[in-house]
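One structure below.
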Amino acid sequence: MDKQKIILAVDDEPHMLRLLEISLKQAGYKPVLARDGKEALDIVKNQTIDLVVSDLHMPIMNGLDLLKHIRLEIESLPFVMVTAMGEIKTAVEAMKAGAADYILRPFDLETLELAIAKALSVKRLTLENTYLKSVNVAEFKDSSQSGLIGQSAPMLALKQLIVQVAPEKATVLITGETGTGKELVAKEIHQSSGRKNSLFVAVNCAAIPAEMLESELFGHEKGAFTGAVKERIGKFELADGGTLFLDEITEMPIHLQAKLLRALQEGVIEKLGGNKQIHLDIRLLAATNRDPLQAVKAGKLREDLYYRLNVFQLSVPPLRERGQDVRLLAQYFLAKLINNNAIELMSEDAIAQLQSYDWPGNVRELENVIERATILSSRQTVKRQHLPADIQQNGIQTSHLSAVETGLEGATVLGSRTSFSIPIMIAKIEKDMICAALEFTQGNKSKAAKLLEISERSLWNKLDAYKLK
């Protein structure tokens, strides 16, 4: 349920102020009353106000002066001016000074409601446009519309859980290795929920310096610190009515985790340097590539926050456990990069190489590999030779391992029938060279890999394949 908007009504005439109060209550708003501009300004400074409806002519401080003073404090607060028929010129001046709209007295309830709804809508659209300009909108739309790609059993199970949890307001903790697509899962939850027409706001807690993160999340008041020359709307307030996604939650400083916990429990936040409570309606999703319980033990995640976040946990499977999804993902990334649908996107030999690789970097690594291969192939069919050396060697290793596992270890075992098998003999030589390098470096894997001119990861793969201890 949407939170009740707080409207400040300002008028020096008691009967008009009473009329505004009754009208606002009938329209479903919570009215706060002020009898002049000075009193109104004090309220704005000390309370959370969503919109101001003010008469133009008042003693001490008139409506236009009130508007100008408010703009110095809170740039984004919507303001509706109430004027008489002969004051259109002044009303236009108010619009130039930042008023969202004006209405002429006497007015009816419908006119007041329309003006307030319009002003609140303009504020929301302005905030959303500002946010969307700061993110890669094309990438967001593409990823949110394409959905999660994959037909493997782990992915089908994950999709089913998303369908179940998306309509709820429950907090979701998304776990998984780096590059598995945790943010895509969060976007899928948002797009499948009743909040899909509101903003999805993502914050990477590891990418923002600790000293800036509080302001980024909760916003700050003007003058809260050196350089805070105007009020800032934080990501929490921006996501009001929508979804807030906190990635790498275990990288958030502990003192901020306490503030986050309060925001989740009470549904309110306070800006940095302020004392006004801001009531919010958000759906929170969080993610981490750590084991959350281990993060709690290591002091990286508050235990009480963990239990508050872990209402519903989703685990995103690593790519190595997703079988044929490698083919589907590779074809999807290629289709995005190669617009010529008449050509074969990727040879079967290249797909076999990709499927034999263990993908420590998961889907993100696969996407980078495909982009590189597309460049090397001049945006034509991607073949095995266009793939990185590690992946090509991994395929050779697999064929060698198949031979070893069937007992084909060389000519001395099988006689003349296999004595001329080049792959088998290469595998035997490779195994002997690895053993020699390890003996020379006294078991130091990093130094052995440098001697062999391969990556340390490839060396570990080969040690595992040849069952070398």
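The values are calculated or read from the model by the stated rules, or taken from the named source; none is laboratory data. Values in this document were obtained by computation on a predicted structure and should not be read as measured data. Because the Cβ atoms are built from the backbone with ideal geometry, glycine has one as well, and the counts that use them run over all protein chains shown.
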Out of (1) modelled with pLDDT under 90; (2) surrounded by 15 or more Cβ atoms within 10 Å (Cβ to Cβ); (3) closer than 30 Å to residue 273 by Cβ, the one residue 122 does not meet is (2)
Name the residue, out of 115, 84, that is aliphatic (A, V, I, L, M) and at pLDDT below 90. 84
Qualifying positions in the stretch 192-218 - of a type in the set (D, E, K, R) and under 29 Å from residue 163 (Cβ atoms): 195, 196
Yes/no for residue 20 being more than 37 Å from the chain's Cα centre (by Cα), among the aliphatic types (A, V, I, L, M) and assigned to a helix (DSSP H, G or I): yes
Subset tally (residues that are surrounded by 20 or more Cβ atoms within 10 Å (Cβ to Cβ), part of a strand (DSSP E or B) and without any contact (Cβ under 8 Å) to a residue 60 or more places away in the chain) for the stretch 233-268: 3
Taking the stated definitions as given, is residue 184 under 17 Å from residue 364 (Cβ atoms), in a loop (DSSP other than H, G, I, E, B), aliphatic (A, V, I, L, M) and not assigned by TED's automatic domain parsing to the domain that holds residue 125? no
Going residue by residue through the stretch 65-82, is there one that turns out to be buried (at least 18 other Cβ atoms within 10 Å of the Cβ) and of a type in the set (S, T, N, Q)? no
If residue 364 satisfies every condition in (1) in a helix (DSSP H, G or I); (2) more than 19 Å from the chain's Cα centre (by Cα); (3) within 30 Å of residue 234 (Cα to Cα) but one, which is the exception? (2)
Could you list all residues from the stretch 68-102 that are of a type in the set (D, E, K, R) and either in contact (Cβ under 8 Å) with a residue 24 or more places away in the chain or in contact with a helix residue (DSSP H, G or I) (Cβ under 9 Å, 6 or more places away or on another chain) (or both)? 68, 71, 73, 75, 87, 93, 101
Take the conditions surrounded by 15 or more Cβ atoms within 10 Å (Cβ to Cβ) and among the basic types (Lys, Arg) and apply them to residue 271. Does it pass? yes
Take the conditions basic (Lys, Arg) and surrounded by fewer than 21 Cβ atoms within 10 Å (Cβ to Cβ) and apply them to residue 182. Does it pass? no
Among 260, 280, which is touching an Asp or Glu at 6+ places or on another chain (Cβ under 6 Å) and of a type in the set (A, V, I, L, M, F, W, C)? 280
Residue 216 passes all but one of the listed conditions (1) assigned to a loop (DSSP other than H, G, I, E, B); (2) surrounded by fewer than 20 Cβ atoms within 10 Å (Cβ to Cβ); the exception is number (1)
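For (1) part of a strand (DSSP E or B); (2) closer than 16 Å to residue 256 by Cβ; (3) not aromatic (Phe, Trp, Tyr), each residue gets a yes or a no:
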| site | (1), (2), (3) |
| --- | --- |
| 281 | no, no, yes |
| 286 | yes, yes, yes |
| 290 | no, no, yes |
| 301 | no, yes, yes |
| 304 | no, yes, yes |
| 308 | no, yes, yes |
| 313 | yes, no, yes |
| 317 | no, no, yes |
What number of residues in the stretch 446-469 are more than 21 Å from residue 392 (Cβ to Cβ) and either exposed (fewer than 15 other Cβ atoms within 10 Å of the Cβ) or modelled with pLDDT under 80 (or both)? 4
Here the qualifying pairs (Cβ atoms under 9 Å; residues six or more apart or on different chains; first in the stretch 155-173 and more than 20 Å from residue 281 (Cβ to Cβ); second charged (D, E, K, R)) come out as 155/322; 155/325; 159/188; 162/188
Kindly list the number of the only condition in (1) among the hydrophobic types (A, V, I, L, M, F, W, C); (2) over 23 Å from residue 221 (Cα atoms); (3) without any contact (Cβ under 8 Å) to a residue 40 or more places away in the chain; (4) out of contact with any Lys or Arg (no Cβ under 7 Å at 6 or more places or on another chain) that fails for residue 44. (2)
Going through the stretch 28-55 in order, the residues found to be modelled with pLDDT under 90 and surrounded by 15 or more Cβ atoms within 10 Å (Cβ to Cβ) are 45, 48
Please indicate, with yes or no, whether at least one residue in the stretch 275-294 is exposed (fewer than 15 other Cβ atoms within 10 Å of the Cβ), within 27 Å of residue 191 (Cα to Cα) and touching a residue at least 12 places away in the same chain (Cβ under 8 Å). yes
